[in-house]
Structures are given as C-alpha cells and as structure tokens.
Amino acid sequence: MEQTIKVDLSKIDNIIDRYHGNKEALLMIMQDISDIYSHVPPTVIPILVDRLGVKISMVYSVATFYKTISLEPRGKYIVSVCTGTACHVRGAEKIADALQQKLGIQEGQTTSDRLFTLKAVRCIGCCASGPVITVNKETYGGLDRTAAEKVIENYKQMPLNGTA
Ligand code: FES
C-alpha cells in the first residue's frame, strides 16, 4: 500500500550524528529511524548511503534480514498470526481469515489509517495455547473468530498514544 510519509531530515541527521556517522552502526541507525516512522522511508536510503559510506545493497540486506526493520510503512500495531503446525491444526487459517476481514487488508498489508499491519509468522513457542496471535509484544491464545475480532476491536478503541 503506497503511503506518503513526511520525513524530518534534521531528525535523520541527528540520529546519524549520534553514532558519529559510523557505518558499523547502520543497523542501530535504521532501528532508531524505524522507531520514529515505523519503517525506514525510501527517501532516507540515499542519505544513509551518502553519510555512512555504505552500499545501497547493504541497506537492503539489513532491511531484509532483520524483522524489526522494514522499508514499507507499518502500522502502530503489528498483528502476527502464527501459522506454525500446532496453530494450523487448531484453526489458524480461520483466525487469519477473520483478521483479514475485520481489518480489510491481506497478510503483509497495513490499514490506510496506519494502525494495523497484518503478518503471518512461524511458531512463536506458545503451541499449547494455539491458535495464537501477537499484537506487538502481547500474546493472545485459544482464539476463535469472535475472540480474534474482539482483540482488534480493543486495540481500535485504545487512545492513539496508548500502549499495546
Ligand atoms: S505453532 Fe503456533 S505457537 Fe507454535
């Protein structure tokens, strides 16, 4: 989903300065930028290349390798549906379907209000509670369609500056 993000370049400069323009700090710099914008906006990539002296391929490698970093805008709440074997057997597909309908997006997409991003993930180690989803760092297990929809509804009703 294409969305325009206004980037404050002085903030980017400040982050790079904090790490003294050290290319070894590329991961931390990209993480700090993600903390502000929920992703590393594409307009920032040439700045990283220029100021850190890294190759553009290195920026893409970091974004691909580390799950906490994305080049695509993501929602305030990352909803991850476990599709591991145990959760699959216990109905993960129905949960994924319910969440897609509730949010009006497909797996991998972000809602237009940038509140939710929906992802499929492998086993998160809570198999006995399956089917399981996480919303940011919170885990919800033993879900059916209604319970999964209710989780989303609760987050929708949180104040925008509320925590998950
Ligand atoms: S398979 Fe879902 S938590 Fe393990």
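A few remarks follow.
- Among the candidates ILE56, ILE95, ILE36, the residue that is surrounded by 14 or more Cβ atoms within 10 Å (Cβ to Cβ) and away from the ligand (no atom under 16 Å from the Cβ) is uniquely ILE36.
- Only one of the listed residues (VAL132, VAL121) is among the hydrophobic types (A, V, I, L, M, F, W, C), in contact with a helix residue (DSSP H, G or I) (Cβ under 8 Å, 6 or more places away or on another chain) and assigned by TED's automatic domain parsing to the domain that holds THR85. That residue is VAL132.
- Restricting segment 124-144 to residues that are within 17 Å of THR68 (Cα to Cα) and not in a strand (DSSP E or B) leaves a set whose member that is farthest from the ligand (Cβ to nearest atom) is ASN136.
- Any hit, segment 66-85, residues being more than 30 Å from LYS156 (Cα to Cα), of a type outside the set (S, T, N, Q) and in contact with an Asp or Glu (Cβ under 8 Å, 6 or more places away or on another chain): no
- Each residue in segment 99-108 was checked for being in contact with a strand residue (DSSP E or B) (Cβ under 6 Å, 6 or more places away or on another chain) and away from the ligand (no atom under 16 Å from the Cβ), and 2 pass.
The values are calculated or read from the model by the stated rules, or taken from the named source; none is laboratory data. As the structure is a computational prediction, the values presented were derived from the model and not from experiment. Here the Cβ is made from the backbone with ideal geometry for all residues, glycine too, and neighbour counts use every protein chain on show.
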